[in-house]
Amino acid sequence: MTTGTLAPSPERTKTSGILLTIILVGQFLAILNVNIVNVAIPTIEGDIHSSGAGLQMIVAGYTIVYAVLLITGARVGDLFGYRNAFLTGLALFTVTTLGAGLAPSTGWLVVFRLAQGAGAALMMPQVLTLIQRNYHGAARGRALGLWSAVVSGGIVVGQALGGILLGLGLGWRVLFLIMVPIAAILLVAGLRVLPPDGGGGRTGLDPAGLITLSAAVLLFVVPLVLGRQLGWPLWGWISMGLSAVVFLAFVRVERWVSGRGGRPLVDASVLRAPGMKPGLGVLLFGPATWGAFLFTSALHLQGEVRLSPLESGLMMVPCAVAFAGVGLLWPKLPARLQRTLVPFGYVVAAPAYFGLGLVSGGGLPYATLSALIGAGLGVQIAVTNLATQAVADDFAADASGALLTVMQLGQVIGVATVGTLFMAQGQGATAIALAGLAALAGLSSLFLVRPKVG
């Protein structure tokens, strides 16, 4: 009688590959939608005569709703099934993307952008949850590597593709409409292929937790997203202060729910899992540098260096390729190296960020440094793996929601703070700030990879 672990059957491998393709392409569309509209703002303003406030909400509304509803989206998947939540989010995203492409006015475009964010928030947490629950060992590492590659690629492709389509004279509406048939095909394929599941077996939405956490995130994100362009008004600072108060209220609410035997929005056992707390710290600072770098680079290359949107997007391709390459290579390394080399990634990224202030003219030196930055930040795939590997499958949705929310908040914080610094002080000061954030991510990663005692 043969013992040991059986190799997966070809049928199971094929099904797993199709499942991964569907959820990752869905994720790619949601990420693509963040940046593809940025390059079209002048065209939209001229076509439908949007005001400054309207343009801000066209760009920022998607991000605000997405950030606020991520935890809710994760919980919905836990309650009603990850397949059902992913496909419902994808269907909402498809319909609202079509609506955005056909929007007759600024008001309608803002409404559809907000609804797109809700669809993405329902869809995106299920991607990481389905990976955690359906892939283990080396297969999980490979799946997370592809997940990381899609995260980086979607952002850069959004800028480049937007520039290409506008350069062809196709107008801003095609930026949305081009995604509709892809999303529709994905939806049909998902209905046929994604296996049904019962979610995480939870009961109840924890409405008190949902309301307080959503309010805390909303109070924090809105002034960060809009504050820079509005000149950091007083209401923004008050809102961010209130967000801390409401977050403390959320913590007390969750303790109350647990004390009554209920299921809190984020189970405390998830945060107690080895690796989760330090992983959350790394995934706050690391994405903060990534989001700020892409944002300020676009402004710098298109402003001071006078590149076109397409040229600016292409300048970031080496960064995205390096990021994706490290993410795909990492799972093939010995397990010991996967852990111990994580801080080294930020050791590479920090001086590369600093060097941006010395090669502000763009060209090959800038592209080379961007590649080093992408390679250094590519270790974030290992961070995600280490943070979640001790989380039980039953709490995968809690971990997904927490990780994605922290990553999104990190990007928003990075764009707001470093973006403001860039506007005031230029590329040199920005490079120093980015290097500092990368160093903080590296210091946080030391707590993630340190040997366990006892």
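For the listed peptides 421-427, 140-146, a ranking on the average number of other beta carbons within 10 Å per residue, highest first, reads 140-146, 421-427. Per atom type, the stretch 266-390 shows carbon and sulfur on 71% of its accessible surface, probed at 1.4 Å.
The relative contact order of the stretch 309-409, computed from alpha carbon pairs under 8 Å that lie at least 6 residues apart in sequence, is 38 percent. The helix-based estimate of mean residue ellipticity at 222 nm for the chain, built from -39,500 (n - 2.57) per DSSP H run of four or more residues and divided by its residue count, is -27000 deg cm²/dmol to the nearest 500. For the stretch 117-273, the convex hull spanned by the alpha carbon atoms encloses 175 Å³ per residue. Phi-derived couplings, Karplus 6.51 cos²θ - 1.76 cosθ + 1.60 at θ = phi - 60°, listed residue by residue for the stretch 317-329: 4, x, 5, 5, 5, 5, 4, 5, x, 5, x, 7, 6 Hz, with x used for Gly and Pro.
Rounded to whole Å, the principal axis extents of the Cα atoms in the stretch 1-155 read 75, 30, 22, largest first.
Between H136 and Q229, residue separation times 0.36 nm minus the direct Cα-Cα distance comes to 29.0 nm. Ordering H136, V34, A121 by Cα displacement along the dipole of the chain toward the positive end leaves H136 in first place; charges were set at the Cβ atoms of Lys, Arg (+1) and Asp, Glu (-1).
Normalised Debye scattering of the stretch 129-207 at q = 0.15, 0.20 Å⁻¹ gives log10 I(q)/I(0) of -0.86, -1.06, counting only Cα atoms as equal scatterers and leaving out solvent.
Across the stretch 381-391, rounded Karplus estimates of 3J(HN,Hα) from the backbone phi angles (6.51 cos²θ - 1.76 cosθ + 1.60, θ = phi - 60°) give 5, 5, 4, 4, 5, 5, 5, 10, 5, 9, 7 Hz, Gly and Pro being marked x. Here the stretch 266-389 is treated as a Stokes sphere of Kirkwood radius computed over C-alpha pairs; at 37 °C and 0.692 mPa s its diffusion coefficient rounds to 213 µm²/s. Round to a whole angstrom and tell me the spacing of the C-alpha centers of the stretch 212-245 and the stretch 367-386. Computed from Cα coordinates, the inter-centre distance equals 30 Å. Peptide packing: for 267-276, 387-396, 330-339, the average count of neighbouring Cβ atoms within 10 Å per residue gives the ranking 387-396, 267-276, 330-339, highest mean first.
Taking all protein chains in place and a 1.4 Å probe, what share, in percent, of the accessible surface of the stretch 136-257 do carbon and sulfur account for? Carbon-and-sulfur percentage of accessible area, whole number: 76.
When +1 charges are put on Lys and Arg Cβ atoms and -1 charges on Asp and Glu Cβ atoms, the dipole computed for the chain relative to its Cα centre reaches about 960 debye. Computed about its Cα centre, the charge dipole of the stretch 219-322 is approximately 500 debye, with only Lys, Arg, Asp and Glu carrying charge at their Cβ. Summary of packing: across the peptides 43-53, 206-216, the per-residue average of other C-beta atoms within 10 Å ranks them, highest first, as 206-216, 43-53. Converting the Cα gyration tensor eigenvalues of the stretch 200-249 into ellipsoid dimensions via √(5λ) gives semi-axes, longest first, of 28, 11, 6 Å.
Gyration tensor over the Cα atoms of the stretch 225-300: the corresponding equivalent ellipsoid has semi-axes (square roots of 5 times the eigenvalues, largest first) of 32, 21, 8 Å. For the stretch 43-49, backbone phi angles converted through the Karplus equation (6.51, -1.76, 1.60; θ = phi - 60°) give residue-by-residue couplings of 5, 4, 4, x, 7, 10, 6 Hz, Gly and Pro being listed as x. For the stretch 262-311, the calculated P(r) over all alpha carbon pairs, in 5 Å bins from 0 to the bin holding the longest distance, is 5, 16, 15, 12, 11, 10, 9, 7, 8, 6, 1, 0 percent. Dividing the radius of gyration of the alpha carbons in the stretch 319-393 by their Kirkwood radius gives 1.08 for Rg/Rh. Overall, the stretch 182-255 carries a charge dipole of about 60 debye about its Cα centre when +1 sits on the Cβ of Lys and Arg and -1 on the Cβ of Asp and Glu, all other atoms neutral. The spacing between the stretch 106-185 and the stretch 317-365, judged by their C-alpha centroids, is 23 Å.
Using the Cα coordinates of the stretch 372-419, the gyration tensor eigenvalues translate into equivalent-ellipsoid semi-axes of 24, 16, 5 Å, sorted from longest to shortest.
Out of every Cα pair in the chain, what percent are spaced more than 39 Å from each other? Across the chain, Cα pairs with separations above 39 Å total 16 percent. On a per residue basis, the chain carries 41 Å² of accessible surface, using protein heavy atoms and a 1.4 Å probe.
The values are calculated or read from the model by the stated rules, or taken from the named source; none is laboratory data. These numbers were taken from a predicted model, which means no experiment stands behind them. Because the Cβ atoms are built from the backbone with ideal geometry, glycine has one as well, and the counts that use them run over all protein chains shown. These accessible areas exclude ligands, DNA and RNA; they are computed on the full protein's heavy atoms, side chains included. Shrake-Rupley method; radii C 1.70, N 1.55, O 1.52, S 1.80 Å.
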